[in-house]
1. Leaving out ligands and nucleic acids, note down the accessible area per residue over region 135-216 with a 1.4 angstrom probe, in whole Å².
2. Which residue, 195, 101, 129, tops the fluctuation ranking in a GNM of the chain built on C-alpha contacts under 10 Å?
3. When the chain is modelled as a GNM with alpha-carbon springs shorter than 10 Å, which of 166, 157, 140 fluctuates the most?
4. Within the chain, what is the number of lysine pairs with alpha carbons under 13 Å apart, leaving out pairs fewer than eight places apart on the same chain?
5. Which sequence of 115, 188 reflects their accessible areas, 1.4 Å probe, from the largest down?
6. Quick check: Cα centre of region 22-38 to Cα centre of region 183-216, how many Å?
7. What nm distance separates the two modelled labels at residue 55 and residue 187, each placed 7 Å from Cα along Cα→Cβ?
8. Compute the long axis of helix 69-93 from its Cα atoms, compare it with the longest principal axis of the Cα atoms of the chain, and write down the angle in degrees, 0 to 90, nearest 10.
Amino acid sequence: MRYFEIVNPAQLAKVEALPLHSQTPISWGHAVLADPIRLLIDHAFLEKKAALNAMELLTRWPNDWIEGWVETMTSVARDEAAHLAQVMRILIRRGGRLDKSHKSWYATSLRELVRKGPPGEILDRLLVSALIEARSCERFAVLAAASAAGDAELASFYQALYASEFGHYKVFLKLAGKIAETEVVETRWQQMLASEALILAQQAAGPGIHSGVPLE
């Protein structure tokens, strides 16, 4: 992981602590940065969907009131909306415009892992949210490293973002631990981590945060 040398030790420890079953190479970062406008458009939709996901989960606590649920979802939604505003400022300043629609096969495939109905549905939604945040954290770290030499604005932006995404990944897992037994959460989490790596490996290459790795 020598390409993360621009990251301070505390932040690097966070990236290395991610439980992801695959690691994104620096070649992916260089490839997607070849089309920064399309990358930023994709990123804007990622932040929009993350904010909407948190708002939708806001009133989806299972059974009785769960301490910290609403506060967590409110905080995540606020953070993601702030990230969306940051992405849009950079995008518009660079002459880009947001599309009217967007499709992420990565996110769609992850959502297909969610079981329907209680007791598994809300647990799975929390774990899918944690997965997306964890992978986004890792991808932002790669983008920070890949853009360090040629695009100081994006390097600084992505370096700041991945610390925030790490926090979001942890809070979704914390909430999962409040609604299910530790063994149940860990077993399902490991299943989803394995599925996520396979899903990511099947994605097409292109200028997207969750795109596939280009062939060498």
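The values are calculated or read from the model by the stated rules, or taken from the named source; none is laboratory data. Quantities reported herein were computed from a predicted structural model and do not represent experimental measurements. For neighbour counting, all protein chains shown are included, and Cβ atoms are generated from backbone atoms with ideal geometry for every residue, glycine included. In case anyone asks, the SASA skips ligands and DNA or RNA and just uses the protein heavy atoms, side chains included. Shrake-Rupley method; radii C 1.70, N 1.55, O 1.52, S 1.80 Å.
1. Solvent-accessible surface per residue comes out at 43 Å².
2. Result: 101 has the largest fluctuation of those listed.
3. 157
4. So the count works out to 5.
5. 115, 188
6. 16 Å
7. Rounded to a tenth, the inter-label distance reads 3.7 nm.
8. 20 degrees
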